[in-house]
Every structure is written in structure tokens, then in C-alpha cells.
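No lab work stands behind these numbers, since they all come straight from the coordinates. Because the structure is predicted, anything quoted here is derived from the model rather than measured. When we count neighbours, we look across all protein chains shown, and the Cβ atoms used for this are built from the backbone with ideal geometry, even at glycine.
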Amino acid sequence: MLTPTGAEYHLSGAEAMTDAGRPVHIEDVAHQLALINRFHGATSRPYSVAEHSLLCCDIAARLGRSAHVQMAALWHDAHECVTQDVSSPAKRAVNAVACAGGGISAWTLFEATHAKRFRRALGLETVFVTARAALHHIDLTALATERRDLTAYDPTLNQPWAVLHDEDPAERIEPITWVRLDSPERAAMTWQDWRQAFLDRFHTLQHAMQQPQGQGGMA
């Protein structure tokens, strides 16, 4: 596929077996994620993967996590600039069809391959392993907030979301209270604004990660 900077990223074939055939540029990531809508567009306003990633980064910061973990939160969906943001129900459906046909969980394998490439490009493999549980909870907290503010979800009409533990009060993932995603200020921002915000946060965190251990550590 041709990226916004003119690079060629190979999703399959011999070239996809090498890092050179799968170039990772921050400009491409920020640009494409700012134009890809989450929830397949089933939201009250355009809501991009870039905005979601920034929300996850904000949550990590509010939790006092390190610059490395904040960067991982910002970068956790970076690979979607080449794989697209497929909704969780669609991913499960693709995996089920593939397995029913005698194959494997095709989407999971495809996505994981490219996710690893993007994480390795920033040297974040260790962070994604050691902070896996924290990053997963941050992602789900963002999801709960997005559902509350941007979707037509009605608990009296719609099925509970197992991923958010809706039916288990002790484990239920609650939305954050310190931001509203349906605010006029957020709605007024353009995709170019979110692209720039993503770039700005990336460079800020990149600088912080270069500080001595203890100032920008990996906790």
C-alpha cells in the first residue's frame, strides 16, 4: 500500500518479511490514524483512532505512568494505519469464519504481525510486555468512555459488553469522569488538529524517554 509520505508498505509477500518492506514513519501514522474512524463510524461525530490514542495517553498520564508507558498507550494502535481499525465484533467474526473453514484465527495473526513491527520500530516491545495489563485496562477505560459519550448504547435495550464486564459490578470498567468526549471543544477539532496533536505528543514523549532513568523511566 502507498502511504501519505509516498512509502510502500507491504502487507504480504516476500517484501513483508523484512523491515525495509514495512517502513514505519510517524508522519504516516499520525496522518492515517487521524482519518480512520473508530466503531466503523457508528458514533455521534467523527471519532478517530488518533483521538482514541491520545485519550489512552492522557489516561496513562493521569495514572502517573512513565513516559515509556504513555508512549505505548499513544502507539498501541499505530499498526492500524496499515491494517485499518476493525471493530472487535468484526475481528471475532473473521476469526470464526477462518476457523470454521479449517484454518486459524486469521485476523488475530495478521494484525499481530504488523503490530509487532510497529512496536519494534520504536523499541517498545519490552514496555508492551511488562505493562500489558495496565495498557489493556487503559484501552478498556477509553472504550467505556467512548461508549458513554459517543455511541447510542442503551443498557435497557442493548446487550451488555462482555469486554467491559457490564454484568459484574466488581469488575465493571467505568468511564473516566474528568473528560467528556461529546464536548463542543472536541467536536470542533478537525482531523488535521488531531494529526498535529498526535505528532506533538509523540515528540514530547520521545524527548522525555531520552531522559535518565528516574525522570522518564519505564514503570
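Calculated mean residue ellipticity, 222 nm, the chain: -15500 deg cm²/dmol, from DSSP H runs (n ≥ 4) at -39500 (n - 2.57) each, averaged per residue and rounded to 500. In sequence order, the range 103-120 has phi-based couplings of x, 10, 6, 4, 5, 4, 5, 4, 5, 4, 4, 7, 4, 4, 4, 5, 5, 5 Hz under the Karplus curve 6.51 cos²θ - 1.76 cosθ + 1.60, θ = phi - 60°, and Gly or Pro positions carry x. Taken one residue at a time, the phi angles of the range 161-176 give Karplus couplings (6.51, -1.76, 1.60, θ = phi - 60°) of 9, 4, 4, 9, 6, 4, 8, 10, x, 6, 10, 4, 7, 9, x, 6 Hz. Gly and Pro are set to x. If you take all other residues with their beta carbon under 11 Å from the beta carbon of Trp194, and give Lys and Arg +1 and Asp and Glu -1, the sum is 0.
For the peptides 43-55, 143-155, the ranking by packing is 43-55, 143-155, with the highest mean count of neighbouring Cβ atoms within 10 Å listed first. Spin-label pair His137-Ala152: with each label point 7 Å from Cα along the Cα-Cβ axis, the two points sit 3.4 nm from one another.
Estimated from the Cβ-Cβ distance and a Förster radius of 45 angstrom, the FRET efficiency linking Ala93 and Gln210 is about 0.60. Taken along the Cα-to-beta-carbon direction at a fixed 7 Å, the label points for Ala61 and Val129 span 2.9 nm.
Given axes a ≥ b ≥ c from the Cα gyration tensor, I'd like to know whether the range 100-179 is rounded (a/c under 1.5), prolate (a/b larger than b/c) or oblate. Verdict is oblate for the range 100-179. Positive contributions from Lys and Arg (+1) and negative ones from Asp and Glu (-1), summed over other residues with Cβ under 12 Å from the Cβ of Thr5, come out at -3.
Residues whose amide H falls under 5 Å from that of Ser48, counting only those 5 or more places apart or on a different chain, are Arg38, with hydrogens built in the peptide plane. In this simple spin-label model, placing a label point 7 Å from the Cα along the Cα-to-Cβ direction at both Ala14 and Ile104 gives a separation of 2.3 nm.
A full extension of the chain between Thr5 and Gln84 corresponds to an added length of 26.7 nm, given 0.36 nm per residue minus the alpha carbon distance.
In this structure the amide hydrogen of Asp166, modeled in the peptide plane, comes within under 5 Å of the amide hydrogens of Trp161, none closer than 5 places in sequence on its chain.
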